[in-house]
Amino acid sequence: MSETFTGEIHAMIKGRRIVLGITGGIAAYKAAELTRAFIKEGASVRVIMTKNASEFITPLTLQTLSGHLVYRDMFSPLKDFEMDHISLADFAEILVIAPATANVIGKIASGIADDLLTTTVMTTKAPLLICPAMNQSMYENPIVKENIMSLASRGYHFIDPGYGELACSTEGYGRLPDIEDIVDEVESMLTVKDLSGEKILVTAGPTREPFDPVRYISNYSSGKMGYALAVASRRRGARTIMVSGPTSLPVPKGIIFIPVKSALEMRDAVMDHLAESTVIIKAAAVADYRPSTRSDSKIKKEKGPLTISLERNPDIIDEIGRKKGKRVLVGFAVETENLIQRAREKMLAKKMDLIVANDVTQDGAGFGYDTNIIKILTPAGEVEELPLMSKYEVAHRILDRIRDIIRSR
Ligand code: C5P
């Protein structure tokens, strides 16, 4: 089971039509990997190469990887009587230029359309993602900077180049961003921003309840469900805050991340951000009990048994339920028996607007898995049963319900 999110959290690219423009920089060879990544995600890819690009990588490579002839020439269309720039512009649900040279950025910024790629850019109504890759001095050239700013202000998307060794034997900014970052950006751009304006607070992961400096009581929560919710929420346009207990997952980009350890810390962090939130999703597996005392030094081994007395942790969701006002509150119920009945009782007692019921006895569901099998319950008595799906897809289904509640108000 993978402990990373990259590669697991794309649901919007599947079945989508991507036009990939490759221009003539040394990073052109990486476009082969990018094509593979898009295909692996289930996209349909058409490649346009500029004349200079084919000096760096052969069209045959891209043809083989994309499964389609590569488009290169304005005046020799691949299909008789077809205007390639029009058909490609119509085909594209998103157009990605990777790598994008200073030259192509300058041409687009100046309205020049003198080859198949720039003409397609000029024609298409699809969103454009430009991934610059060039020598750092070129990237820092004020003309390039100005062109990027001018295109960005018109709504073109850019992904900043990465830092590292450059082909010209120097080190700096100018490398093509990581393939995973480009795929992530495409996923974000293809995600409908139906939660923009919302401020979503997600809790994730387990809590740790220490009883001496080196030991704690905790649970098996991996944090994957909460992290998937935070990523999906951000991609749907919500300002996203995640309060997370300790996990081994990478911190998602573009969110406000508040790491905590214990239930008491989680409670304080959540309450600090309650006022500014419009939606609260409590995916964390909060420990219900904590040791009543915490020894300042490591508890030594003795002959007899060790007794640790526990006291109740605050019920964070119960407190939110009492203070929430018009906010949408979503909780999780992890049960091993009487799932629906218990989840329903919890939802009503704690004034939740939705509860996600999770039967952890099923294979592929619950703690640690990348997949989940859940039921979404509403106070009106609806029960939506979802089949086994990735936690990222589950996150979107939960956010769909939240969006519907917000719209219905
Ligand atoms: O009662 P139970 O722990 O099963 O409730 C689960 C829901 O309550 C989850 O949404 C969890 O995040 C939340 N919870 C909480 N504070 C606790 C225990 C659980 O907010 N102390």
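Any read-out appearing in this document is the output of simple, stated calculations on the displayed coordinates, not a laboratory observation. The model shown is predicted, which means the values in this text are computed figures rather than measured ones. Cβ coordinates were reconstructed from backbone atoms using ideal geometry, including for glycine residues, and neighbour counts include every protein chain displayed.
Counting DSSP beta bridges with both partners in the stretch 11-190, what percentage is antiparallel, nearest 5?
Taking every DSSP beta bridge within the stretch 11-190, about 20 percent pair in antiparallel fashion.
Using only DSSP helix segments of four residues or longer, with each worth -39500 (n - 2.57), what per-residue ellipticity at 222 nm results for the chain after dividing by its residue count and rounding to 500?
For the chain, the value works out to -10000 deg cm²/dmol.
Of the beta bridges DSSP finds with both residues in the chain, what % are antiparallel, to the nearest 5?
30 percent
Considering only DSSP states other than H, G, I, E and B, which GluC sites (Glu not before Pro) in the stretch 354-404 qualify as loop sites with at most 16 other Cβ atoms within 10 Å?
Glu382
Determine the distance separating the Cα centre of the stretch 300-375 from the Cα centre of the stretch 111-163; give it in Å without decimals.
With the stretch 300-375 and the stretch 111-163 each reduced to a Cα centre, they are spaced 48 Å.
So how much slack lies between Tyr163 and Asp212, counting 0.36 nm per residue of separation and subtracting their Cα-Cα distance, in nm?
Full extension from Tyr163 to Asp212 adds 13.4 nm.
GNM, the chain, Cα, under 10 Å: largest mean-square fluctuation among Gly368, Gly21, Gly381?
Gly381
With a cap of 10 neighbouring Cβ atoms within 10 Å, and only residues DSSP puts in a loop, list the trypsin sites (Lys or Arg not before Pro) found in the stretch 272-338.
Within the stretch 272-338, the qualifying trypsin sites (Lys or Arg not before Pro) (loop, at most 10 other Cβ atoms within 10 Å) are Lys298, Lys300, Lys301, Lys303, Lys326.
Can you give the FRET efficiency to the nearest 0.05 for Ala349 and Ala152, using r as the Cβ-Cβ distance and R₀ = 51 Å?
The pair Ala349/Ala152 has a calculated efficiency of 0.55.
As a footprinting exposure proxy, order Glu337, Glu146 by other Cβ within 10 Å, with the fewest listed first.
If I rank by nearby Cβ atoms, fewest first, I get Glu337, Glu146.
Once amide H atoms are built 1.01 Å from N in the peptide plane, which residues 5 or more positions from Val202, or in another chain, come under 5 Å H to H?
Ile241, Met242, Val243, Ile281
Loop only by DSSP, 13 or fewer other Cβ within 10 Å of the Cβ. Give me the trypsin sites (Lys or Arg not before Pro) in the stretch 4-86 that pass, ordered by residue number.
Lys14, Lys51, Lys79
Only Cα pairs under 8 Å and at least 6 apart count here; give the relative contact order of the chain as a rounded whole percent.
It comes to 12 percent, rounded to a whole number.
Relative contact order of the stretch 11-190: what whole-number percent is it, with Cα pairs under 8 angstrom and at least 6 residues apart?
Here the relative contact order equals 23 percent.
Need one number: % antiparallel among DSSP beta bridges in the stretch 86-204, to the nearest 5.
Bridges in the stretch 86-204 that DSSP calls antiparallel: roughly 40 percent.
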